[in-house]
Amino acid sequence: MAFLADALSRVKPSATIAVSQKARELKAKGRDVIGLGAGEPDFDTPDNIKQAAIEAINRGETKYTPVAGIPELREAIVRKFKRENNLDYTAAQTIVGTGGKQILFNAFMATMNPGDEVVIPTPYWVSYPEMVSLCGGTPVFVATTQENKFKLKAEDLEKAITPKTKWFIFNSPSNPSGAAYSHDELKALTDVLMRHPHVWVLTDDMYEHLTYGDFKFATPGEVEPGLYDRTLTMNGVSKAYAMTGWRIGYAAGPLALIKAMDMIQGQQTSGACSIAQWAAVEALNGTQAFIPENKKIFEGRRDLVVSMLNQAKGIECPSPEGAFYVYPSCKGLIGKTAPSGKVIETDEDFVSELLEAEGVAVVHGSAFGLGPNFRISYATSEAQLEEACKRIQRFCAACK
């Protein structure tokens with residue numbers, strides 16, 4: 001009898017974490033490495049949020065919390081959804097987890113049975129299909145195209161749905177592509193979902209506040225109120241509030257689902273960190289003035305990276321509407337010979353040779369289910385990004 005669970009054979013390590021680890025290892029050996037793999041803002045957590053945490057410590061808010069979150073945070077979540085998304089929930093319909101990952105995992109664990117299918121557009125965040133597989137479900141991938149700005153077409157969603165479909169995962173703005181769906185584009189998808197009442201919607205809105213230009217964010221339950229009773233709307237404080245290490249995600253949805261997730265979390269981790277929860281209360285209730293300031297910086301970085309990558313031989317980089325990633329194609333380099341003498345046959349070969357030759361760490365697109373592309377996080381300084389893009393240009397020019 002094998003000691004390790006069979007489920008592990010269905011799961012791959014996180015490619016984004018692996019790239020960051022590889023970059024750290026090379027730096028430790030003295031290599032000059034620019035890491036563009038991590039999906040976290042380089043900004044510090046705002047002072048008012050840090051101060052709220054300090055005050056919580058001084059008040060002695062250091063004990064176990066209710067599994068689903070402290071009442072103050074759950075009420076702040078209710079107000080946030082009403083204020084920003086026109087969604088009406090009660091506090092009992094909310095739950096707080098140790099990051100967005102726990103929210104997603106608990107939702108799948110609470111609902112998935114063997115044979116259940118989950119529709120996932122590609123490219124996808126690397127953890128979606130692995131979570132589905134760990135929970136006994138079957139990921140069903142639906143490809144998007146660069147020509148369509150990596151956005152799912154309604155007719156392709158329709159074709160992917162079967163009687164076994166349990167969930168549809170929706171992520172806008174998207175990790176890894178930065179694609180964001182307008183109200184009308186989202187309405188086309190929700191119209192399909194309204195024709196299939198057995199399909200639930202899990203919407204990952206983690207990058208909600210990071211959209212650019214005149215783009216206006218929308219979420220499925222807001223666009224189509226008819227989906228209210230079968231939508232779990234997930235969000236968190238990681239990206240917009242530069243609080244990745246605080247590990248606070250949250251969601252709202254039908255009461256029966258929230259109760260089931262609460263039960264699982266109660267046997268798993270119990271409540272999230274008490275101090276982090278009080279910091280999140282301030283994040284949601286306090287000033288939001290820094291968000292548009294940070295967005296402007298991100299937008300400038302996006303424009304810089306897109307411009308410089310499109311000047312690299314063999315690279316084509318669309319300009320995304322949101323998040324802090326670009327997802328360029330390296331199709332023009334496939335079949336070329338890298339400076340090392342190795343023939344680049346895949347996007348994974350491309351990123352490996354780029355790292356070895358120029359010390360730039362990016363993530364291969366096949367890890368996100370769609371290549372030949374690669375993901376760059378531009379959540380770092382303009383100086384670092386400019387130098388990284390110069391190195392990419394140099395590497396591409398050296399490929400023959």
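The values are calculated or read from the model by the stated rules, or taken from the named source; none is laboratory data. Keep in mind that what you see is a predicted model, and the values were worked out from it rather than measured. Cβ sites come from the backbone with ideal geometry, for glycine too, and all protein chains shown count toward neighbours. Ligands, DNA and RNA are stripped out before the accessible areas are found, and what is left, the full protein with its side chains, is counted by its heavy atoms. Shrake-Rupley method; radii C 1.70, N 1.55, O 1.52, S 1.80 Å.
Of the numbered criteria (1) within 19 Å of Gly115 (Cα to Cα); (2) aromatic (Phe, Trp, Tyr); (3) buried (at least 22 other Cβ atoms within 10 Å of the Cβ), the one Tyr181 fails is (1). The residues on offer are Ala251, Ala242, Ala272, Ala256, and the sole one that is within 30 Å of Ala188 (Cβ to Cβ), not in a helix (DSSP H, G or I) and not basic (Lys, Arg) is Ala251. When Gly341 is tested against (1) open to solvent by 30 Å² or more (accessible area, probe 1.4 Å); (2) at positive phi; (3) in contact (Cβ under 8 Å) with a residue 24 or more places away in the chain, just one condition goes unmet, and that condition is (3). Does His209 satisfy being modelled with pLDDT of 95 or more and surrounded by fewer than 19 Cβ atoms within 10 Å (Cβ to Cβ)? Against the criterion (modelled with pLDDT of 95 or more and surrounded by fewer than 19 Cβ atoms within 10 Å (Cβ to Cβ)), His209 does not qualify. Consider the stretch 21-57 and keep the residues that are acidic (Asp, Glu) and part of a loop (DSSP other than H, G, I, E, B). The one that is modelled with the highest pLDDT is Asp44. Filtering the stretch 154-205 to residues that are over 20 Å from the mean Cα position of the chain (by Cα) and not in a helix (DSSP H, G or I) leaves Ile161, Thr162, Pro163, Lys164, Thr165, Lys166, Arg195, His196, Pro197, His198, Val199.
Checking the stated criteria, Ala18 turns out to be under 18 Å from the mean Cα position of the chain (by Cα) and either assigned to a helix (DSSP H, G or I) or among the hydroxyl-bearing types (Ser, Thr, Tyr) (or both).
Candidates in the stretch 264-295 are the residues that are within 17 Å of Ala107 (Cβ to Cβ) and in contact (Cβ under 8 Å) with a residue 12 or more places away in the chain; of these, the one that is surrounded by the most Cβ atoms within 10 Å (Cβ to Cβ) is Ala272. May I ask you to list the residues in the stretch 305-341 that are more than 18 Å from Ser177 (Cβ to Cβ) and among the aliphatic types (A, V, I, L, M)? Matches in the stretch 305-341: Met308, Ala312, Leu333, Ile334, Ala338.
Of the residues making up the stretch 206-226, those that are outside any loop (DSSP other than H, G, I, E, B) and either within 16 Å of Gly253 (Cα to Cα) or of a type in the set (Gly, Ala, Ser) (or both) number 6. Among the residues of the stretch 200-255, those that are out of contact with any strand residue (DSSP E or B) (no Cβ under 9 Å at 6 or more places or on another chain) and on the phi > 0 side of the Ramachandran plot comprise Gly213, Ala242. Of the residues Asp47, Asp6, the single one that is under 20 Å from Leu284 (Cα atoms), among the acidic types (Asp, Glu) and without any contact (Cβ under 8 Å) to a residue 24 or more places away in the chain is Asp47.
Inside the stretch 153-170, residues that are open to solvent by less than 20 Å² (accessible area, probe 1.4 Å) and in contact with a strand residue (DSSP E or B) (Cβ under 6 Å, 6 or more places away or on another chain) make up a count of 6. Look at the stretch 18-38: where a residue is under 18 Å from Glu387 (Cβ atoms) and a partner is open to solvent by 50 Å² or more (accessible area, probe 1.4 Å) and outside any loop (DSSP other than H, G, I, E, B), sitting 6+ places away or on another chain with Cβ atoms under 7 Å, you get Val33/Lys27; Ile34/Gln384; Ile34/Glu387.
Of the numbered criteria (1) open to solvent by less than 10 Å² (accessible area, probe 1.4 Å); (2) touching an Asp or Glu at 6+ places or on another chain (Cβ under 7 Å), the one Asn106 fails is (2).
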